[in-house]
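To keep things clear, I will list the structure first and then write my remarks on it.
None of the figures in this text is laboratory data; all of them are computed from the coordinates on show. Predicted model, so just to flag it, every value in this text is computed and none were measured. Here the Cβ positions follow ideal geometry from the backbone for every residue, glycine too, while neighbour counts run over all protein chains shown.
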Amino acid sequence: MKSSIHFCFMLLLVGVSCPCRGDFKVTLLSDSVVDPTAVTAKRTHPYYGGICVNAVHCQQDAVVTHGNHQYVGYIDAERRLCLARRKLPSGDWGIIRFTDYAFKSNDDHCTVCIGLCPKDGTLHMSWGMHNDALTYRVSRKGVATHPESVKWEASLFEPIISELEKGKPPTKVTYPRFWQTPDGGLQFGYRTGYAGKGDRWLVDYEPDTGTWNHTEIYTAGRRKAYSLSLCRNHPRKMARHRHCGFWIFPSKQIESGGCRKSFS
């Protein structure tokens with residue numbers, strides 16, 4: 001079975017006087033087809049799996065925009081890892097279909113996540129994990145900051161690796177996510193462990209050296225938290241810095257759907 005990858009630009013006009021009453025309007029600005037043949041899969045598990053590996057609630061950072069170019073990560077109908085690029089506002093999509101990875105799972109946790117480091121122009125990808133070893137790759141420097149000067153092809157990217165910080169390969173990884181920092185750097189977050197009892201980790205990317213450092217836990221598994229968002233208003237290396245985080249705590253078993261929300 002095949003499906004299409006669509007990306008829509010929407011403008012949300014929210015009423016100022018009564019924002020909680022639903023008196024808002026949504027206007028479709030444009031609708032662009034990235035790839036007419038994207039992967040679908042049958043559900044094979046009662047709590048996960050299905051047709052939505054390219055668009056599920058736990059997927060974040062599938063679409064990234066920098067300057068006048070936009071990037072979309074996904075799995076195509078041939079189960080290849082793909083990264084599409086176009087020039088805004090309505091350029092044609094150019095697609096890199098990597099041939100060194102085959103998506104074999106029907107698990108919709110195994111989403112594609114992409115990140116972009118403004119300071120050195122690198123593109124980062126992580127994907128295909130539900131309590132699995134890390135899968136990650138990065139582009140050459142300058143690919144995102146000088147897009148017109150490079151030919152959009154797989155040779156722009158390094159081979160797949162299973163660790164970020166040297167000598168510290170994470171295992172049982174789920175829910176990858178990238179965050180840009182105020183100074184133009186990048187951070188990567190992920191969960192290790194299982195539902196309701198995993199640890200959330202954060203790692204810093206250093207644009208000057210092209211390396212990852214400072215791997216540390218920011219939510220411990222004993223609290224059974226599902227992290228939904230994290231942001232930092234100062235880079236870690238500065239004396240003054242602040243984290244803002246939002247997460248949920250399952251009240252009983254994850255199947256029950258009960259949870260508590262927290263912010264710090």
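Each residue of segment 207-212 was assigned a 3J(HN,Hα) from its phi angle through the Karplus expression (A = 6.51, B = -1.76, C = 1.60, θ = phi - 60°), giving x, 5, 10, x, 10, 9 Hz with x at Gly and Pro. FRET efficiency for the residue 155 to residue 27 pair, using the beta carbon distance and R₀ = 30 Å, is estimated at 0.15. Distant-in-sequence amide contacts of residue 186, defined by a placed amide H-H separation under 5 Å and a gap of 5 or more residues or a different chain, comprise 181, 205. Under a 5 Å amide H cut-off, with hydrogens placed 1.01 Å from N, residue 115 pairs with 124, 125 among residues at least 5 apart or on other chains. Among 175, 74, sorting on how many other beta-carbon atoms sit within 10 Å of each Cβ, with the fewest leading, yields 175, 74. Subtracting the Cα-Cα distance of residue 131 and residue 66 from their residue separation scaled by 0.36 nm leaves 20.3 nm. Look at 120, 31 and count the other Cβ atoms within 10 Å of each Cβ; fewest to most, that gives 31, 120. Taken one residue at a time, the phi angles of segment 147-155 give Karplus couplings (6.51, -1.76, 1.60, θ = phi - 60°) of x, 6, 9, 10, 7, 6, 8, 4, 5 Hz. Gly and Pro are set to x.
Can you compute the FRET efficiency between residue 215 and residue 102 using 1/(1 + (r/R0)^6), with r the Cβ-Cβ distance and R0 = 30 Å? Round to the nearest 0.05. So, using R0 = 30 Å, E works out to roughly 0.60. The alpha carbon centroids of segment 165-183 and segment 67-126 are separated by 17 Å.
Exposure proxy for 34, 203: other Cβ atoms within 10 Å of each Cβ, ordered fewest to most, give 203, 34.
For segment 198-205, backbone phi angles converted through the Karplus equation (6.51, -1.76, 1.60; θ = phi - 60°) give residue-by-residue couplings of x, 9, 9, 10, 9, 9, 9, 9 Hz, Gly and Pro being listed as x.
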